[in-house]
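The values are calculated or read from the model by the stated rules, or taken from the named source; none is laboratory data. Here the structure is a predicted model, which means the values were calculated and not measured. All Cβ positions, even for glycine, are placed from backbone atoms using ideal geometry, and neighbour counts span all protein chains on display.
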Amino acid sequence: MNPQLTEDGRLRHLLTLDGLPRAILMQILDTAESFMDVGEREVKKVPILRGKSIFNLFFEPSTRTRTTFEIAAKRLSADVVNLNIATSSQTKGEAILDTVDNLAAMHADMFIVRHSQSGAAHFIARHVAPHISVINAGDGRHAHPTQGLLDMFTIRRFKGEFHNLTVAIVGDVLHSRVARSQIHALTTLGVPEVRVIGPKTLLPTGVEQMGVRVFHDMEAGLAGCDVIIMLRLQNERMKGALLPSAQEYFKFFGLTPEKLALAKPDAIVMHPGPMNRGVEIDSEVADGPQSVILPQVTYGIAVRMAVMALLAGTGNA
Amino acid sequence: MPASLPDVDPLIVRLAGAIAPTITPDTVIVGIHTGGVWVAERLHAMLKCSLPLGTLDISFYRDDFSRIGLHPQVKPSNLPFDLEGRDILLVDDVLHSGRTVRAAMNELFDYGRPASIRLAVLVDRGGRELPIRPDFTGLELDVPAHQNVNLSRLDDGHLTLSLA
Amino acid sequence: MKIHIKNGRVIDPMSARDEVADIYVAAGKIVGNGHAPADFHANRTLDATGLIVCPGLVDLSVRLREPGFEYRATLESEMLAAAAGGITSLACPPDTDPPLDEPGLVEMLKFRARNLPGPRVYPIGAMTQKLEGQMLTEMAELTEAGCRAFTQADAPMTDTQVLLRAMEYAATFSFSLWLRPQDVSLAKGGVAHDGAVATRLGLPGIPALAETVALATILQLARETGARVHIARLSTRDGIAMVRAAKAQGLAVTCDVASTHVHLSENDLVSFDSHLHLVPPLRSLRDRDAIREALRDGSIDALCSDHTPVDEDVKQVPFGESAAGASGVELLLPLTLKWAREMEVPLLQAIDLISWKPAQILGVPGGTLAVGSCADICIFDETAEWVVTSRTLASQGDNTPFLNHPMQGRVRYTLIDGHIDFEAPR
């Protein structure tokens, strides 16, 4: 049983894209499309979530993601409360449930959760009252479903269809919740070839069982691609046992104009941000004509509005 | 009440006739999805408006949203003109409780401040729950609360009314 | 107290007996098997018609949580739970607080246990002081205090030289070392089997290599030193193959697995249920099937519960932050029976894995119904169905991945030293 769906198959929580039916992914993308113009109106709001209380519950700091959720919620006229709860090893577990219970007592309708532990959003979703919806805004290495959805939205906007695409995801797949969500979405939406490209130290065991082709040679992996998704390489992983240096990484796995030229001429370049220029991507590519990195940010708001609107309208929120 | 409902085309012609004298260069026609857009398309053509037709999907403004959720096929609203100072002719197919019109007016105001809004409906079936009345009406019916008046469009574009 | 156990199906693996017979108990001993001794007048007769009468179970790993973790469970609660699970002898690992690394602590535990109803408690001593993996404990003194073997339990063993010295020292006195093979560096940071499921769930992995690399070291050191080694909690197909090969080469090594790992695999983790956070991690289906087969062919010598009651608070957190371990004394028997049913293994062979064989590994009396042996007996209903809930479990730890699962097979009576220490409410 999928904990994200109601008995009649509608979205109750958004925890992961793993196992979500194609129809629901498409419904979210279509709904996002209808929210696209709200940001351009004189009044940048629709009243759909008027009177609802949404709590941004960030156990791991992230200004960017929190802000996009906040803007999305406010454009739906919801009341948004931001909570940045630093997790320390002393106050870990119990604090989560205590926090959740306290906020539920304040009549919360929706929790947007970010946490450093994989499965944290599932854990909270299991414990909340039936009228509360949970959106996973990133849990450990596990999932970042709204990022995955906004990437699909971006691909659809620029490429129209999914069924004829070759998509490459490049970099630190091992630690990336974004990559996992992208892979599930791409395979569910019918992309015939999804590739992951990276050194063996940054690709997780058995990743091919998620339906992807594995490449260790970036030039071979980029050949014929329609979409290239670059992943962020965390600072602390640039030097050590996973990689010898950021310079060597850039040389073999950074996206330069020369490597980009191996993909299809109309290939688009994506990045979930924030970018490490000169580590995973060359500035010339990041700011170049094939980059759709800034549109991704804009679409992120419409996609998050769509998710919140669909969840709030499941009848129990 | 009639056993079968009248043809739609003469109703739209009558409606257009009533509206025509009030049309100004600043008038914009806005149809409410889905049936209201069909009627508005006809009126827009007959009245030879210079400004493009606007469409509204009021899903995000419904007052029953938290009860019934989001309509599965939300279509984007499309108002390809500045609303500021315009005379708006809002068009819907069937006027019942008045809630759809209320939602539509709220949405219009989020795009700007029009000079005026008038309401044209193909059928006024009664049963109002809000202080809203049409300025132009194609047909007045007295329909029991449990019944619905529906406008549908055939593949050839022909519009028909039915009672269910 | 004289007890007549009447008309039960008597299964005694040691003598390979499986037949309906009567058992007679007096003065803590089995005095008759099949025939009543002369002038036997029972104080109590237990009607075992339709029930199975077997040696009391011997569990090689039961954490009683004393001293130090009484808030998680107490000696009293866990000994009662073990008796309710049909267990009459248990080995208690030293990972208490403080660890069992001094004779005084061992004597205190034995004293406390002796004054409570329930199974015979056999402490396993710490192999290194404070389980820190650096300095050896006084193994000879600890043995005199009652320790049956020495182990690091789940505490890391980072220094291979210390492990070599421990083996040499233990071999000097023929002490037995119980070692769980896990390479600390390879397991670092991991919480789940490093495979397709952990990858999908984004859980940091513990590769099968963490077991096999450590196991290779242990087996090689054992060959070299002649130490008696028991491999605890095997979890991988390759690890089993290595032990099988070592045995074939004549190395006197034994091994066990936890009953959870006979039934569960990484595939069960999909809901992030922290009750499935176990040590070693639940491995792949292929590994699980290898365990099931190795139990059948005898490559694995014993099944244990690896009973680890923990507080619900430390399970009510995200998977990676939760405390590892499962409560299990009351599930050892039904999970063993389930394996036997599913693999079509005779009951005689299944019960051997949880009575006679572990008694030999532990080197203690019991595990048999032979006349003259101590009257440690388990009487159970093979067909009784029940559901695992906090109400049906006597253990203070409700932390089991089998919560709300149906079980088949339930203990009716547990006799320890000729006393009825557990009797199921009718």
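Mind checking whether some residue in segment A:252-261 is exposed (fewer than 13 other Cβ atoms within 10 Å of the Cβ), more than 16 Å from A:Lys200 (Cα to Cα) and of a type in the set (Gly, Ala, Ser)? Scanning segment A:252-261, I find at least one residue that is exposed (fewer than 13 other Cβ atoms within 10 Å of the Cβ), more than 16 Å from A:Lys200 (Cα to Cα) and of a type in the set (Gly, Ala, Ser), so the answer is yes. Selection of segment B:96-145 for residues being hydroxyl-bearing (Ser, Thr, Tyr) and free of Cβ contacts under 8 Å to residues at least 60 places away in the same chain yields B:Ser97, B:Tyr111, B:Ser116.
In segment A:197-211, what residues are surrounded by 16 or more Cβ atoms within 10 Å (Cβ to Cβ) and more than 18 Å from A:Leu149 (Cα to Cα)? Answer for segment A:197-211, where residues must be surrounded by 16 or more Cβ atoms within 10 Å (Cβ to Cβ) and more than 18 Å from A:Leu149 (Cα to Cα): A:Ile197, A:Gly198, A:Pro199, A:Leu202, A:Leu203, A:Pro204, A:Thr205, A:Gly206, A:Val207.
Let's see how each residue does on (1) more than 10 Å from every other protein chain (Cβ to nearest Cβ); (2) outside any strand (DSSP E or B); (3) surrounded by 24 or more Cβ atoms within 10 Å (Cβ to Cβ); (4) touching a residue at least 40 places away in the same chain (Cβ under 8 Å):
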| site | (1), (2), (3), (4) |
| --- | --- |
| A:Arg126 | no, yes, no, yes |
| A:Ala129 | yes, yes, no, no |
| A:Ala137 | yes, no, yes, yes |
| A:Gln147 | yes, yes, yes, yes |
| A:Asp151 | yes, yes, yes, yes |
| A:Arg156 | yes, yes, no, yes |
| A:Phe162 | yes, yes, no, no |
| A:Arg180 | no, yes, yes, yes |
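All of A:Ala108, A:Ala121, A:Ala72, A:Ala86 fail the test of being touching a Pro at 6+ places or on another chain (Cβ under 8 Å) and either modelled with pLDDT of 95 or more or not in a helix (DSSP H, G or I) (or both), apart from A:Ala86.
Of everything listed in (1) modelled with pLDDT of 95 or more; (2) not in a helix (DSSP H, G or I), the single unmet condition for A:Lys251 is (2).
Only residues that are away from every other protein chain (no Cβ under 14 Å), within 29 Å of A:Ala306 (Cα to Cα) and out of contact with any His (no Cβ under 6 Å at 6 or more places or on another chain) were counted across segment B:42-73, and they come to 1. In the set (1) crowded, with 18+ Cβ neighbours inside 10 Å; (2) within 30 Å of A:Ile96 (Cβ to Cβ), C:Gln316 fails one condition alone, (1).
Among the criteria (1) within 17 Å of the chain's Cα centre (by Cα); (2) in contact (Cβ under 8 Å) with a residue 12 or more places away in the chain; (3) closer than 22 Å to C:Pro181 by Cβ, the one C:Trp339 does not fulfil is (3).
Just checking, which of A:Asp101, A:Asp8 is more than 9 Å from every other protein chain (Cβ to nearest Cβ), surrounded by fewer than 19 Cβ atoms within 10 Å (Cβ to Cβ) and either hydroxyl-bearing (Ser, Thr, Tyr) or in a loop (DSSP other than H, G, I, E, B) (or both)? Testing whether each residue is more than 9 Å from every other protein chain (Cβ to nearest Cβ), surrounded by fewer than 19 Cβ atoms within 10 Å (Cβ to Cβ) and either hydroxyl-bearing (Ser, Thr, Tyr) or in a loop (DSSP other than H, G, I, E, B) (or both) leaves just A:Asp8. Could you please tell me which pairs satisfy a Cβ distance under 7 Å, a separation of 6+ or placement on different chains, a first residue in segment A:22-40 that is at the interface with chain B (Cβ under 7 Å from one of its Cβ atoms), and a second residue that is outside any helix (DSSP H, G or I) and at pLDDT 95 or above? Nothing qualifies.
Scanning segment C:312-346 for residues that are of a type in the set (Asp, Glu) and more than 14 Å from chain A (Cβ to nearest Cβ) gives C:Glu330, C:Glu342, C:Glu344. Being in contact (Cβ under 8 Å) with a residue 12 or more places away in the chain, crowded, with 21+ Cβ neighbours inside 10 Å, more than 14 Å from chain A (Cβ to nearest Cβ) and among the acidic types (Asp, Glu) is a condition met by no residue of segment C:281-290.
When B:Val91, B:Val74 are checked against the criterion of being touching a helix residue (DSSP H, G or I) at 6+ places or on another chain (Cβ under 6 Å), crowded, with 17+ Cβ neighbours inside 10 Å, more than 23 Å from B:Leu5 (Cα to Cα) and not charged (D, E, K, R), a single residue qualifies: B:Val74.
Every condition in (1) closer than 22 Å to B:Asp63 by Cα; (2) among the hydroxyl-bearing types (Ser, Thr, Tyr); (3) surrounded by 21 or more Cβ atoms within 10 Å (Cβ to Cβ) holds for A:Thr65 except the one numbered (1).
Here C:Arg341 fits the description: of a type in the set (Lys, Arg), over 25 Å from A:Arg126 (Cα atoms) and either at pLDDT 95 or above or part of a loop (DSSP other than H, G, I, E, B) (or both). Screening C:Pro117 against (1) in contact (Cβ under 8 Å) with a residue 12 or more places away in the chain; (2) over 19 Å from C:Ile416 (Cα atoms) leaves a single unmet condition, (2). So, B:Asp82, is that one within 23 Å of B:Ala20 (Cα to Cα) and away from chain A (no Cβ under 14 Å) or not? So B:Asp82 fails the test.
One line per residue, one yes/no per condition, for (1) hydroxyl-bearing (Ser, Thr, Tyr); (2) over 20 Å from C:Asp306 (Cα atoms); (3) surrounded by fewer than 23 Cβ atoms within 10 Å (Cβ to Cβ):
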site	(1), (2), (3)
C:Leu164	no, yes, yes
C:Phe175	no, yes, yes
C:Gly195	no, yes, no
C:Ala198	no, yes, no
C:Ile206	no, no, no
C:Glu211	no, no, no
C:Thr217	yes, yes, yes
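From the list A:Leu189, A:Leu231, the lone residue that is surrounded by fewer than 20 Cβ atoms within 10 Å (Cβ to Cβ), under 16 Å from the mean Cα position of the chain (by Cα) and away from every other protein chain (no Cβ under 13 Å) is A:Leu189. Restricting attention to segment A:212-228, the residues that are crowded, with 19+ Cβ neighbours inside 10 Å and part of a loop (DSSP other than H, G, I, E, B) add up to 3.
Right, A:Leu49: surrounded by 15 or more Cβ atoms within 10 Å (Cβ to Cβ), in contact with a helix residue (DSSP H, G or I) (Cβ under 9 Å, 6 or more places away or on another chain) and within 22 Å of A:Ala143 (Cβ to Cβ) or not? Criteria not met by A:Leu49. Going through (1) farther than 21 Å from C:Glu330 by Cα; (2) within 14 Å of chain A (Cβ to nearest Cβ); (3) out of contact with any Leu (no Cβ under 6 Å at 6 or more places or on another chain) one by one, C:Leu269 falls short only on (3). Residues in segment A:114-124 that are more than 13 Å from the chain's Cα centre (by Cα) and more than 8 Å from chain C (Cβ to nearest Cβ): A:Ser116, A:Ala121, A:Ile124. Across segment A:47-69, the qualifying residues are those that are over 17 Å from A:Gly300 (Cα atoms) and in a loop (DSSP other than H, G, I, E, B), and the one among them that is modelled with the lowest pLDDT is A:Pro61.
The condition of being away from chain B (no Cβ under 14 Å), more than 30 Å from A:Phe35 (Cα to Cα), of a type in the set (Lys, Arg) and in contact (Cβ under 8 Å) with a residue 40 or more places away in the chain holds for only one of A:Lys264, A:Lys239, that being A:Lys264.
Restricting to segment B:1-46, and then to whatever is more than 17 Å from B:Asp124 (Cβ to Cβ) and in contact with a helix residue (DSSP H, G or I) (Cβ under 6 Å, 6 or more places away or on another chain), can you tell me which residue is surrounded by the fewest Cβ atoms within 10 Å (Cβ to Cβ)? This residue is B:Met46.
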